[in-house]
Amino acid sequence: LRPSAAMPMVKTDLKAFDRNEDMLVWLGHSSVFFQLNGKRFLIDPVLLTASPVGFFNKAFPGTGLYAPDDLPDVDYLLISHDHWDHLDYETIKRLRGRIGKVVCGLGVGEHFERWGFASEQLIELDWNEQAVLAEGFTLHCLPARHFSGRGFSPNSTLWVSYLLETPSKKVYLSGDGGYDTHFAHIREQFGPIDWAIMENGQYGEGWKFIHLLPEDLLHAIKDLDAKHLMTVHNSKYALAMHSWKEPLDNVYRAAQKDSLPLVTPKMGEVVLLNDSVQDFQPWW
């Protein structure tokens, strides 16, 4: 379930980038930092702890290179749902003064209000609602097939996926969730998608409705038909009973067979969000 040696992460100085550089860095699990058209986005940052108790859900050796203090100020924090491995209170607490707006599903904003965020910083959305973040930037809150909850009150908040439209790109962020017709509907509704960042890992037959099995991930990828593909939700925590590198092996073999537009950066490695072809070799 866990790697036998430290993971080969790359430590990139995120604060050194001009905000006009269009780039993305995978920080581990589902945590992603990216810049597009002058705006900075942070997705599901879990940099310190992925559980309510420190001894559970230990991160793999080598995956803890990034701390909240390594991040620059961000314009928009996007939260897909409130599970501990997507919403880390300790990380959020240390980032609080450097976040512009928080976008989340219905009910998730209550956590942020309790943690000291102002109500005017929060944008809560239902499925199929959208928010104009700035001129040329529209964020669509879209369905996902998952669940939510941080304690003894499950499913009192909404789980979502997102489609971000910027002046130059459309980026789809799957969040967590099983397969259904919504992937094809998203492609039909929004047309060509430039980048799709997809859940890949922590699956099992008993969880097939809430996490993508390998064959269902391929169906979702083909439904979306994005120009560029990257997968996350793997290589940091063992939350299921598959080998830690099985998700990467599966999607890489499928990409080789079906010519899928997959990029496979190491955690911390810079991905340029343009139409150039970046040759990331398998690192696992």
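The values are calculated or read from the model by the stated rules, or taken from the named source; none is laboratory data. Nothing here was measured: the structure is a model prediction, and the numbers come from that model. Using ideal geometry, Cβ is built from the backbone for each residue, glycine included, and neighbour counts are taken over all protein chains shown. To get the accessible areas, we keep the full protein, side chains included, count just its heavy atoms, and leave off ligands, DNA and RNA. Shrake-Rupley method; radii C 1.70, N 1.55, O 1.52, S 1.80 Å.
Miscellaneous remarks
- Taking a straight line from the alpha carbon of Lys208, these lysines sit under 20 Å away, with near neighbours fewer than eight places off in the same chain left out: Lys222, Lys245.
- Fluctuation leader among Leu139, Leu47, Leu71 - the chain, Gaussian network, Cα springs under 10 angstrom: Leu71
- Accessible surface comparison of Trp159, Trp207, probe 1.4 Å, protein chains only, largest first: the order is Trp207, Trp159.
- Loop-resident sites, the stretch 1-86, for trypsin sites (Lys or Arg not before Pro), counting at most 16 other Cβ within 10 Å (DSSP): Lys11, Arg19, Lys58
- Both radii are taken from the alpha-carbon atoms of the stretch 7-98; with Rh as the Kirkwood radius, Rg/Rh is 0.95.
- Modelled this way, with points 7 Å down the Cα-to-C-beta line, the labels at Ala16 and Asp258 are 3.8 nm from one another.
- Of the chymotrypsin sites (Phe, Trp or Tyr not before Pro) in the stretch 1-104, those whose Cβ has at most 12 other Cβ within 10 Å and which sit in DSSP loop: Phe55, Phe56
- Theoretical ellipticity at 222 nm over the chain - DSSP helices of four or more residues, -39500 (n - 2.57) apiece, nearest 500: -4500 deg cm²/dmol
- Counting charges near Asp275 (Lys, Arg +1; Asp, Glu -1) among other residues having Cβ under 11 Å from its Cβ returns a value of 0.
- Distribution of pairwise C-alpha distances over the chain, 10 Å bins, in %: 6, 31, 40, 21, 2
- Residue order for Ile123, Ile43 - accessible surface, 1.4 angstrom probe, largest first: Ile123, Ile43
- Neighbours of Phe190 by Cβ distance under 15 Å: Lys/Arg scored +1, Asp/Glu scored -1, total -2.
- Selected from Asp85, Asp249, Asp194 as most flexible by GNM, with the chain as the system and alpha-carbon contacts under 10 Å: Asp249
- In plain terms, if you count all Cα to Cα distances in the stretch 87-156 and split them into 10 Å steps from zero, the share in each step is 17, 47, 33, 2, 0 percent.
- Net +/- balance of residues flanking Ser156 in space, Cβ distance below 12 Å, scoring K and R +1, D and E -1: -1
- Fully extending the segment from Glu215 to Ser276 would add 19.2 nm, taking 0.36 nm per residue of separation and subtracting the current Cα-Cα distance.
- Subtracting the Cα-Cα distance of Ala5 and Asp180 from 0.36 nm times their residue separation leaves 59.4 nm of extension gain.
- Choice from Ser161, Ser153, Ser119 showing the highest fluctuation, given a GNM over the chain with Cα pairs closer than 10 Å: Ser153
- If you wrap the tightest convex hull around every Cα atom of the stretch 55-127 and split its volume per residue, you get 106 Å³.
- Using a probe of 1.4 angstrom and keeping all protein chains present, the accessible surface of the chain works out to 42 square angstrom per residue.
- Counting every alpha-carbon pair across the stretch 181-284, the share separated by more than 18 Å comes to 48%.
- Percent carbon-and-sulfur accessible area, the chain, ignoring ligands, DNA and RNA, probe 1.4 Å: 51
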